[in-house]
Amino acid sequence: MANLTLVQAINLALVQEMEKDDRVIILGEDVGPNGGVFRVTEGLHKRFGSSRVVDSPLAESGIIGTSIGLAMAGLRPVPEIQFEGFLGPAYDQICSHAARMRTRTRGAFTVPLTIRIPVGGGIHAPELHSDSPEAIYAHTPGLKVVMPSSPYDAKGLLISAIRDPDPVMFFEPKRIYRAFREEVPEDEYTIPIGKARTVCEGDDLTIVSWGASVVQCMQAIEKSGKSIELIDLRTIYPFDMDAIEASVKKTGRCVIVHEAPKTCGFGAEIAARIMEKCFLYLEAPVQRVAGFDTIMPYYKLELEYMPDTARIARAIEDVGAY
Amino acid sequence: MANLTLVQAINLALVQEMEKDDRVIILGEDVGPNGGVFRVTEGLHKRFGSSRVVDSPLAESGIIGTSIGLAMAGLRPVPEIQFEGFLGPAYDQICSHAARMRTRTRGAFTVPLTIRIPVGGGIHAPELHSDSPEAIYAHTPGLKVVMPSSPYDAKGLLISAIRDPDPVMFFEPKRIYRAFREEVPEDEYTIPIGKARTVCEGDDLTIVSWGASVVQCMQAIEKSGKSIELIDLRTIYPFDMDAIEASVKKTGRCVIVHEAPKTCGFGAEIAARIMEKCFLYLEAPVQRVAGFDTIMPYYKLELEYMPDTARIARAIEDVGAY
Amino acid sequence: MPTKTVFTAEIQYLSILNEHGKFDAKLGKDVIPDKDLLVLYEHMVRCRYLDEVAFKLQRSGRMGTYPQNMGQEATSLGAAYALNKDDWLVPCYRENCGLFYRGLPMEYILLHWMGDERGNAIPRELYCTPLAIPIGTQMLHATGLAWASKYRGEKRIACTFFGDGATSEGDFHEAANFAANLDIPVIFFCQNNFWAISVPGKIQCSAPTVAQRGLAYGMDCFQCDGNDIFAVVKTVRDAAKYARAKSRPVFIEAVTYRLGDHTTADDARRYRDQAEVDMWKQRDPILRVRQLLKERKLWNDSKEAALKEKVEKEVHAAVERAEGIAAPSRNDFFDHMYAELPEDLRLQRDTMQTHSLGEVLEESGVRSQESGG
Amino acid sequence: MPTKTVFTAEIQYLSILNEHGKFDAKLGKDVIPDKDLLVLYEHMVRCRYLDEVAFKLQRSGRMGTYPQNMGQEATSLGAAYALNKDDWLVPCYRENCGLFYRGLPMEYILLHWMGDERGNAIPRELYCTPLAIPIGTQMLHATGLAWASKYRGEKRIACTFFGDGATSEGDFHEAANFAANLDIPVIFFCQNNFWAISVPGKIQCSAPTVAQRGLAYGMDCFQCDGNDIFAVVKTVRDAAKYARAKSRPVFIEAVTYRLGDHTTADDARRYRDQAEVDMWKQRDPILRVRQLLKERKLWNDSKEAALKEKVEKEVHAAVERAEGIAAPSRNDFFDHMYAELPEDLRLQRDTMQTHSLGEVLEESGVRSQESGG
Ligand SMILES: Cc1ncc(C[n+]2csc(CCOP(=O)(O)OP(=O)(O)O)c2C)c(N)n1
Ligand SMILES: Cc1ncc(C[n+]2csc(CCOP(=O)(O)OP(=O)(O)O)c2C)c(N)n1
Ligand SMILES: [Mg+2]
Ligand SMILES: [Mg+2]
């Protein structure tokens, strides 16, 4: 066991998977000698050489499109997109090809691809460095969408993602890249894609969240003094509706927390599903504490934009009082 | 008044706006002498010449990116993307620039842009010619998203879109391009963006839909023999929650119908909002009849994919019986 | 030396068997032995006939939109012939002839255009990727496929095909740039047929040649007569040799022409002159090979008649096979979404409903036979 | 004639005032009158000092990430000087010097990097677009802006700036291709500074020059010493004249070097040799102008000292202005989402809540002062 940050946990997962399987290769902007702008690939270039850790041209469609070709040929590329705001140029290759190759060819070609992407706000970064586009990809059949909220989960989920035979969007909440450390086993282990984690149990209310927001939720719960169950989704698609359903049937009340804009964010899907599955158990309408339906502002105001402990606490109160 | 198809109504709107305002120009693939692959721009090249109706290179990011420049300079470009499946390459320019320019520059630069896009399935087209990505753009703050379901609405909404000072995604349901005709005034008129249309009134149940699915809904309602209120959203963002709320508070039951995949489709947002606004009025969980969470299959199976009258009827029954 | 020349370039055009049937014996030496030429000729004739039949299938409602390859048979065929059997062919949708030469049964192409994904389930050992519908996107896959070969130390290269229109897409640029800068052996083979649906080539590339696109990447660039199978074969063969030896990409522009409409959904009379089409009919890649074979006493009218009969039989048999394949089950499109179907999707498949009340299995009453679920 | 040359090209490199201070009198004649040279020199010195101050602001937590322009002052400055006052400048983020020459107050740039959108609210009459964060995307806007001028019959052209890395993006290709094929007068001005963060230029373009990128589009292409303001001015002036007269795009590669880290978030020692940096420090665009001015007896140490004092004052005043601007109200980011705020968004703004129970105005208790509702 080592006490690792999320960045270190991911780095360790990459090292171990690359040691184990030489089909795993890394490509992206600045992932080589520089070790990535967040240093997630630190040391990998030195260790595995420039044929396995490849500084690519500055072209996101190119990174993903060539990764698709690599994957179709049987390799297991793990490209990095430097920030979620630069997924845009790669959108077409991800959604028109990576997500469709298996079904388009009825299984003749597959795309075992793990796209690593730092995600979310809160680090005082420039424009387009602080967004949360997970819902876009959750609405794209053929992809899996993962977002860990802790070092332990990050390692286990990334290993699962790399070994997954289908394309995985692996979103890394950059706000907690180094925010805290956690005991992470040095041995390899996997966490199944599609299974949520119950962070804490409770009877009065359920909170569903994912990524960096989980930390805010924990703080809000602590302050509330109430008996609240917190579910960290871990995987956005396919999502663990069973866990949510069981919890909400128990508590009857639910708040969903995410950084992405409210409208058509993944919270909408969860809210809709809760209504579908728990209609007769609900004692209050499911509430969403989310980013506003605006562009994430430049950093002077980013903290106003993101769901903070106060907003979560307020929602807990409002739902409780309903 | 003339009895027009949806294609003709849009063509008429384009002609009239171009006559009226020489800032309006059209660009896209095959929009010139060929009049577009669906003939929506038929006759415009001849009428307005090649400086106002421009056959562009085959590059969607280029079409939208240059349109943004044209709009920043004060023109009112109306680019066409040939099929919704080819929005992918333009995704970044739409979401990282068109949607953000006004707020990024605090109003110094604006992007009065109307992107016309044929959308949806049902015409036996090849791959990537039958999708419904409206939720993606509804989740992108800064855009307006419109989808008419009739010739009359198409003309009035398109004129509003072209005159709108902000970027509008104007989705044209290709399945009903020529499926039926309707009386369309020859004079110009506008239909406000953001206002739904109550297609028919009823007391037992509300159906919310948009685009080509509205036609299926009408058929299902007719067959059902029940008193059903049908709301055609017309605008996906900003959407007319007041109309939905009023209706569902009256009926207590709701079915949402759309072609896009269920998970995180715009139906999820409406369902979540209905719960938020009408919690105490709901007599059954809001139901979604949507595309499956799969890739839209090649055309042999496309009718299995899309919500049809039978599936809608079944949902009406199930909700009614709840 | 305040001004100096920092770059010079020159691009050559190659023609061996020209539109008047003139054969350049020196350049053409050893390019295609006669026995192979007969095979290639047969392939072109068969492919042309398929176009004819496919057109009719579409018109009679037995097939969806179909893009004829007519006039462009020599391009992909010449390339497939010049390449190794296990070099990747990464096509767009106008490369039937090359794919068939490689060994793809015709019914795959038919199935594809009949709206059936099984037409894309191409056997791995053919080293062909499925038709690419979104223009310009497949070249990146070619770069990735060839990169994988390089990574594994294989000698396999990739050859990717695309139209003049496709060179306007950003993905083309990125694919070429990755290959050039990361030293990946890809042949970028542009079929310049002068049209992208109704948009003339000059709107896609107003430079004197499309070949010079490759100069941007420091690639070797070649232009050849794409209706001259000898020129195509020689150009691709040389390019492949170079690419394989140096692990470098090459850009080839094959000048050809789309004799038919863009697809069956198109009517080219709306935007192009018949005179232009007629001129190009004179340059038909099939005609000139037939003439050469005749000159070489390898061909005559009775052989032609026999061939016609043969390919008709083959094509009709392929149509029969394609149409004979049982329709996919109605929920077939779920089964290959993921290696393992997520629970939620399994429920959708088994009930064929998305509304949650309908998804309750016991009540749905539509639980499918096929899935067993 | 079975093989023929179908394209030839040649690209020239221009240098007038070289790194050793040698001035080519013939080529340099009338390029920049002395009185203007003094102005340009002052601009470069001021811009360099801003970099120094900005770096410290970032380190002391008073500003976010900031990209120094150090070493590249001559490029955008020379271009802005050579262009008309109302030609569009479409920058990336390393063109401070040109923007300031055009008239943009320094505090706009500071505000931008202080995380405040008001730094982008550039007065229309300056004909500058805001800094572009997503690499490669702004060139398409330049093409559109120049297209609008052409459409209106104005003589305004656009000049867009981008790095070597940006030329790898598909959008660059599409922007250049649109301009070339639709005859739009855009100057594509590449600041080749040999690095894209940590990735060396050869990974972006392994061709002998970046200038040859333009050959793909049939553009006129030029390479010049980007640290030589005379070469930049002459190249851009000639290009602008041509672009304006012919309504055609031009590609310019200015060879320069990023003397600093990529941004304050970067540490270039991780990936590049100090020796390389030291070599380029000898080629500093400011040094050689100072030397020339001295040779021409237009400059001396006391003038230098006076200038230093002046720019320090100006830069500090700009910092003061930037820091003195009142913080935006906490819901400021709603107000420019649309010309008219949709009702739902107005509610979010007024309550600063997204959960529907919190959105009930009467209960929210957080109804903001600023918005008035
Ligand atoms: C990304 C994308 N945009 C638009 C289309 C619609 N489309 C299909 S074929 C075509 C023209 C292609 O021209 P070219 O690349 O020259 O190939 P050709 O058809 O001439 O063989 C267009 C615009 C598409 N399939 N994909
Ligand atoms: C689309 C996109 N991808 C990645 C980035 C992250 N990024 C910021 S600057 C940069 C390097 C840019 O290099 P270059 O174009 O040469 O400009 P320079 O910084 O050298 O001036 C990268 C990769 C970005 N801003 N936008
Ligand atoms: Mg073509
Ligand atoms: Mg650079």
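Give A:Tyr189, A:Tyr237 a once-over and let me know the one that is surrounded by fewer than 21 Cβ atoms within 10 Å (Cβ to Cβ) and among the aromatic types (Phe, Trp, Tyr). If you could, list the steps in order and put the result at the bottom.
Values: A:Tyr237 fails: surrounded by fewer than 21 Cβ atoms within 10 Å (Cβ to Cβ).
The conditions single out A:Tyr189.
Can you pull out the residues in the stretch C:24-33 that are exposed (fewer than 12 other Cβ atoms within 10 Å of the Cβ), on the phi < 0 side of the Ramachandran plot and either of a type in the set (D, E, K, R) or not in a helix (DSSP H, G or I) (or both)? Write out each step before concluding.
Going through the stretch C:24-33, the residues exposed (fewer than 12 other Cβ atoms within 10 Å of the Cβ) turn out to be C:25-26, C:29-30, C:33.
Then keep just the ones that are on the phi < 0 side of the Ramachandran plot; that gives C:25-26, C:29, C:33.
Across the stretch C:24-33, the qualifying residues are C:Lys26, C:Lys29, C:Pro33.
If the requirement is being crowded, with 23+ Cβ neighbours inside 10 Å and not polar (S, T, N, Q), which of these qualifies: D:Glu95, D:Glu10, D:Glu19, D:Glu42? Steps first, please.
Values: D:Glu10 fails: crowded, with 23+ Cβ neighbours inside 10 Å; D:Glu19 fails: crowded, with 23+ Cβ neighbours inside 10 Å; D:Glu42 fails: crowded, with 23+ Cβ neighbours inside 10 Å.
Going through D:Glu95, D:Glu10, D:Glu19, D:Glu42 in turn, just one is crowded, with 23+ Cβ neighbours inside 10 Å and not polar (S, T, N, Q): D:Glu95.
Within 24 Å of the chain's Cα centre (by Cα), closer than 26 Å to B:Leu12 by Cα, of a type in the set (A, V, I, L, M, F, W, C) and within 12 Å of chain D (Cβ to nearest Cβ), is that true of B:Leu27?
Numbers: within 24 Å of the chain's Cα centre (by Cα): yes; closer than 26 Å to B:Leu12 by Cα: yes; of a type in the set (A, V, I, L, M, F, W, C): yes; within 12 Å of chain D (Cβ to nearest Cβ): yes.
So B:Leu27 passes the test.
Of all the residues that make up the stretch D:345-364, how many are within 8 Å of chain B (Cβ to nearest Cβ) and outside any loop (DSSP other than H, G, I, E, B)?
The qualifying residues number 1.
Of the residues C:Asp87, C:Asp116, which is within 14 Å of chain B (Cβ to nearest Cβ), crowded, with 24+ Cβ neighbours inside 10 Å and away from ligand 1 (no atom under 16 Å from the Cβ)?
Among C:Asp87, C:Asp116, only C:Asp116 is within 14 Å of chain B (Cβ to nearest Cβ), crowded, with 24+ Cβ neighbours inside 10 Å and away from ligand 1 (no atom under 16 Å from the Cβ).
Within the stretch D:240-251, identify whether any single residue is crowded, with 24+ Cβ neighbours inside 10 Å and either within 16 Å of ligand 2 (Cβ to nearest atom) or without any contact (Cβ under 8 Å) to a residue 24 or more places away in the chain (or both), and answer yes or no.
Taking the stretch D:240-251 as the starting set, the residues that turn out to be crowded, with 24+ Cβ neighbours inside 10 Å are D:243, D:249-251.
With the extra rule that they be either within 16 Å of ligand 2 (Cβ to nearest atom) or without any contact (Cβ under 8 Å) to a residue 24 or more places away in the chain (or both), the set shrinks to D:251.
Checked against the condition, which is being crowded, with 24+ Cβ neighbours inside 10 Å and either within 16 Å of ligand 2 (Cβ to nearest atom) or without any contact (Cβ under 8 Å) to a residue 24 or more places away in the chain (or both), the stretch D:240-251 yields at least one hit.
Take the stretch D:291-305 and flag every residue that is among the charged types (D, E, K, R), under 18 Å from D:Arg46 (Cα atoms) and surrounded by 11 or more Cβ atoms within 10 Å (Cβ to Cβ).
Here is the first cut: in the stretch D:291-305, the ones among the charged types (D, E, K, R) are D:294-297, D:301, D:303-304.
When the remaining residues are screened for being under 18 Å from D:Arg46 (Cα atoms), the result is D:301, D:303-304.
Residues satisfying the conditions are D:Lys303, D:Glu304.
Taking the stretch C:177-203 on its own, how many of its residues are of a type in the set (Val, Ile, Thr) and within 16 Å of ligand 3 (Cβ to nearest atom)?
Looking only at the stretch C:177-203, we keep the residues that are of a type in the set (Val, Ile, Thr), and these are C:184, C:186-187, C:197, C:199, C:203.
From what's left, within 16 Å of ligand 3 (Cβ to nearest atom): C:197, C:199, C:203.
Residues in the stretch C:177-203 being of a type in the set (Val, Ile, Thr) and within 16 Å of ligand 3 (Cβ to nearest atom): 3 in total.
Looking at (1) surrounded by fewer than 24 Cβ atoms within 10 Å (Cβ to Cβ); (2) basic (Lys, Arg); (3) facing chain D (nearest Cβ under 10 Å), find the lone condition where A:Arg288 falls short.
(1)
Test of understanding: among A:Ile274, A:Ile256, which residue is over 19 Å from B:Met241 (Cα atoms), more than 14 Å from chain C (Cβ to nearest Cβ) and not small (Gly, Ala, Ser)?
On the way: A:Ile274 fails: more than 14 Å from chain C (Cβ to nearest Cβ).
One residue alone meets the criteria, A:Ile256.
Can you pull out the residues in the stretch D:167-190 that are touching a His at 6+ places or on another chain (Cβ under 6 Å) and farther than 17 Å from D:Ala211 by Cβ?
First, the residues of the stretch D:167-190 that are touching a His at 6+ places or on another chain (Cβ under 6 Å): D:170, D:173.
The answer is D:Gly170, and nothing else.
State which residue is farthest from A:Pro297 (Cα to Cα) when the search covers only the stretch D:329-344 and only residues that are under 30 Å from the mean Cα position of the chain (by Cα) and facing chain B (nearest Cβ under 9 Å). Write out each step before concluding.
Quick first cut of the stretch D:329-344, residues under 30 Å from the mean Cα position of the chain (by Cα) only: D:329, D:332-339.
After this cut, where a residue has to be facing chain B (nearest Cβ under 9 Å) as well, the list is D:332-339.
Values: D:Asp332: 9, D:Phe333: 6, D:Phe334: 9, D:Asp335: 11, D:His336: 11, D:Met337: 11, D:Tyr338: 14, D:Ala339: 17 Å.
This residue is D:Ala339.
Could we say that B:Gly36 is out of contact with any helix residue (DSSP H, G or I) (no Cβ under 6 Å at 6 or more places or on another chain) and either in the same structural domain as B:Ala125 (by TED's automatic domain parsing) or without any contact (Cβ under 8 Å) to a residue 40 or more places away in the chain (or both) here? I'd like the intermediate steps shown before the answer.
Working: out of contact with any helix residue (DSSP H, G or I) (no Cβ under 6 Å at 6 or more places or on another chain): yes; either in the same structural domain as B:Ala125 (by TED's automatic domain parsing) or without any contact (Cβ under 8 Å) to a residue 40 or more places away in the chain (or both): yes.
Yes.
Quick one: is B:Pro261 surrounded by 24 or more Cβ atoms within 10 Å (Cβ to Cβ), closer than 30 Å to B:Gly142 by Cα, facing another protein chain (nearest Cβ under 9 Å) and touching an Asp or Glu at 6+ places or on another chain (Cβ under 7 Å)?
Working: surrounded by 24 or more Cβ atoms within 10 Å (Cβ to Cβ): yes; closer than 30 Å to B:Gly142 by Cα: yes; facing another protein chain (nearest Cβ under 9 Å): yes; touching an Asp or Glu at 6+ places or on another chain (Cβ under 7 Å): yes.
Considered against the rule, which asks whether it is surrounded by 24 or more Cβ atoms within 10 Å (Cβ to Cβ), closer than 30 Å to B:Gly142 by Cα, facing another protein chain (nearest Cβ under 9 Å) and touching an Asp or Glu at 6+ places or on another chain (Cβ under 7 Å), B:Pro261 comes out as yes.
Where in the stretch D:55-139 are there helices (runs of 4 or more DSSP H), lying fully within it, with 3 or more residues that are within 11 Å of the chain's Cα centre (by Cα)? Step through it out loud before you land on a result.
Numbers: elements: D:73-82, D:96-102, D:106-113.
Per the criteria, D:73-82, D:96-102.
Kindly indicate whether any position in the stretch C:188-209 is of a type in the set (S, T, N, Q) and within 16 Å of ligand 4 (Cβ to nearest atom). Lay out the reasoning, then the answer.
Narrowing the stretch C:188-209 to residues of a type in the set (S, T, N, Q): C:191-193, C:198, C:204, C:206, C:209.
Next, from what is left, pick out any that are within 16 Å of ligand 4 (Cβ to nearest atom): none.
No, the stretch C:188-209 has no match at all.
Could you tell me whether any residue of the stretch B:72-80 is touching a strand residue (DSSP E or B) at 6+ places or on another chain (Cβ under 9 Å), small (Gly, Ala, Ser) and touching a residue at least 24 places away in the same chain (Cβ under 8 Å)?
Taking every residue of the stretch B:72-80 in turn, none turns out to be touching a strand residue (DSSP E or B) at 6+ places or on another chain (Cβ under 9 Å), small (Gly, Ala, Ser) and touching a residue at least 24 places away in the same chain (Cβ under 8 Å).
Looking at D:Ala180, D:Ala216, D:Ala207, can you tell me which residue is surrounded by fewer than 24 Cβ atoms within 10 Å (Cβ to Cβ), within 8 Å of chain C (Cβ to nearest Cβ) and closer than 28 Å to C:Ile135 by Cα? So that I can check it myself, show each step before the final result.
On the way: D:Ala180 fails: surrounded by fewer than 24 Cβ atoms within 10 Å (Cβ to Cβ); D:Ala216 fails: surrounded by fewer than 24 Cβ atoms within 10 Å (Cβ to Cβ).
The match here is D:Ala207.
Among (1) surrounded by fewer than 24 Cβ atoms within 10 Å (Cβ to Cβ); (2) more than 23 Å from the chain's Cα centre (by Cα), there is one condition A:Ser56 misses while meeting the rest; what is its number?
(1)
To keep it simple, each residue is scored yes or no on (1) assigned to a helix (DSSP H, G or I); (2) within 16 Å of ligand 2 (Cβ to nearest atom); (3) at negative phi; (4) more than 8 Å from every other protein chain (Cβ to nearest Cβ).
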position: C:Ala142; (1), (2), (3), (4): yes, no, yes, no
position: C:Trp147; (1), (2), (3), (4): yes, no, yes, no
position: C:Lys155; (1), (2), (3), (4): no, no, yes, yes
position: C:Phe162; (1), (2), (3), (4): no, no, yes, yes
position: C:Ala166; (1), (2), (3), (4): yes, no, yes, no
position: C:Glu174; (1), (2), (3), (4): yes, yes, yes, no
position: C:Phe189; (1), (2), (3), (4): no, no, yes, yes
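Among the residues in the stretch D:128-145, are any over 30 Å from D:Val53 (Cα atoms) and either within 15 Å of ligand 4 (Cβ to nearest atom) or of a type in the set (Gly, Ala, Ser) (or both)? Show your work before the answer.
To start, the set of residues in the stretch D:128-145 that are over 30 Å from D:Val53 (Cα atoms) comprises D:140-145.
The next check asks that each one be either within 15 Å of ligand 4 (Cβ to nearest atom) or of a type in the set (Gly, Ala, Ser) (or both); those that pass are D:142, D:144.
Checking the stretch D:128-145: at least one residue is over 30 Å from D:Val53 (Cα atoms) and either within 15 Å of ligand 4 (Cβ to nearest atom) or of a type in the set (Gly, Ala, Ser) (or both).
Inspect all residues belonging to the stretch B:67-74 and state whether any of them is surrounded by fewer than 24 Cβ atoms within 10 Å (Cβ to Cβ), part of a helix (DSSP H, G or I) and either away from ligand 4 (no atom under 16 Å from the Cβ) or at the interface with chain D (Cβ under 9 Å from one of its Cβ atoms) (or both).
no
Given the conditions (1) closer than 27 Å to B:Ala59 by Cβ; (2) in contact with a strand residue (DSSP E or B) (Cβ under 9 Å, 6 or more places away or on another chain), and given that A:Ile10 satisfies all but one, which numbered condition is not satisfied?
(1)
So which strands (runs of 3 or more DSSP E) are wholly in the stretch A:206-310 and hold at least 1 residues that are in contact with a His (Cβ under 7 Å, 6 or more places away or on another chain)? Lay out the reasoning, then the answer.
Numbers: elements: A:228-232, A:235-237, A:254-261, A:287-291.
Answer list for the stretch A:206-310: A:254-261, A:287-291.
Looking only at the stretch C:258-269, count every residue that is within 16 Å of ligand 1 (Cβ to nearest atom) and exposed (fewer than 14 other Cβ atoms within 10 Å of the Cβ) and tell me the total.
The number of residues fulfilling the criteria is 1.
Just to be sure before I move on: is B:Val248 more than 20 Å from the chain's Cα centre (by Cα), modelled with pLDDT of 95 or more and either over 16 Å from C:Gly358 (Cβ atoms) or away from chain C (no Cβ under 14 Å) (or both) in the structure I sent? Don't jump to the end; show me each part of the working.
Numbers: more than 20 Å from the chain's Cα centre (by Cα): yes; modelled with pLDDT of 95 or more: yes; either over 16 Å from C:Gly358 (Cβ atoms) or away from chain C (no Cβ under 14 Å) (or both): yes.
Yes; evaluated as a whole, the condition is true for this residue.
Looking only at the stretch D:191-229, count every residue that is outside any loop (DSSP other than H, G, I, E, B) and not basic (Lys, Arg) and tell me the total. Even if it seems obvious, please write down each step before you answer.
Of all residues in the stretch D:191-229, those outside any loop (DSSP other than H, G, I, E, B) come to D:191-192, D:195-196, D:199-204, D:211-217, D:220-225, D:229.
Cutting the leftovers down to not basic (Lys, Arg) gives us D:191-192, D:195-196, D:199-201, D:203-204, D:211-212, D:214-217, D:220-225, D:229.
Count: 22.
The values are calculated or read from the model by the stated rules, or taken from the named source; none is laboratory data. The model shown is predicted, which means the values in this text are computed figures rather than measured ones. For neighbour counting, all protein chains shown are included, and Cβ atoms are generated from backbone atoms with ideal geometry for every residue, glycine included.
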